[in-house]
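See structure below.
The values are calculated or read from the model by the stated rules, or taken from the named source; none is laboratory data. Because the structure is a prediction, the values reported are computed rather than measured. Cβ coordinates were reconstructed from backbone atoms using ideal geometry, including for glycine residues, and neighbour counts include every protein chain displayed. Remember, those area values only see protein heavy atoms, side chains included, never the ligands or the DNA or RNA. Shrake-Rupley method; radii C 1.70, N 1.55, O 1.52, S 1.80 Å.
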Amino acid sequence: MAGTPLGVGDTAPDFTLSDQYGTRISLRELRAGRGVLVVFFPFAFSGICTGELSEIRDDLGSFQNEHVVVVGVSCDPVFSLRAWDDKEGYFFPLLSDFWPHGEVARQYGVFEESGGFARRGTFFLDPAGVVRWSLVNEAGQRRDFAGFHETLRGIIGAG
């Protein structure tokens, strides 16, 4: 079973992981004056994960803009993420938490020890790295991004 996931008001741990092209990317760099939607997913090429990330890809303007960037994170190796991205055409970084296996997913409280994968943890971080919205679903449960969109509208409207 995974640990306790980060909740609203928690400060998200910084991390540096390789994307699907082997480029090292840090959360601090991603934030750079914007929010970050961190989307943990169990496995590249699986049905629900493909559907969720395709939803982001197909409506990228409502997920990523001058206020927020999107990043996917899984425990898959870089090469699997690259092959999946080549097939699906995602336009955002897919980060590999492969080694040390699941270290970042553990820090966010979404690593499933029994299966060695990240649960469907979704964390919207403000530019300071504070969690403003989160949702954690089990591996077989598709996530609903409506709460993210509502939170983002509230921030943009308030800012």
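Only helices enter this figure: runs of n ≥ 4 DSSP H residues, each worth -39500 (n - 2.57), summed and divided by the residues of the chain, yield -8500 deg cm²/dmol at 222 nm to the nearest 500. Across the stretch 15-46, the residues whose backbone nitrogen lies under 18 Å from the label position 7 Å along the beta-carbon direction of Trp99 are 16-25.
Using 0.36 nm per residue and subtracting the Cα-Cα separation, the extra length available between Glu29 and Ala139 on full extension is 36.7 nm. Expressed as a whole percentage, what fraction of the accessible surface of the chain belongs to carbon and sulfur atoms when a 1.4 Å probe is rolled over the protein heavy atoms? Roughly 54 percent, rounded to a whole number. Remark: the stretch 107-124, residue by residue, has Karplus-estimated 3J(HN,Hα) of 4, 8, x, 10, 7, 9, 4, 5, x, x, 9, 8, 5, 6, x, 10, 10, 9 Hz, where x stands for each Gly or Pro and the curve is 6.51 cos²θ - 1.76 cosθ + 1.60 at θ = phi - 60°. Annotation for Ser114 and Ser62: the two label points, set 7 Å from Cα along the Cα-Cβ direction, are 3.5 nm apart.
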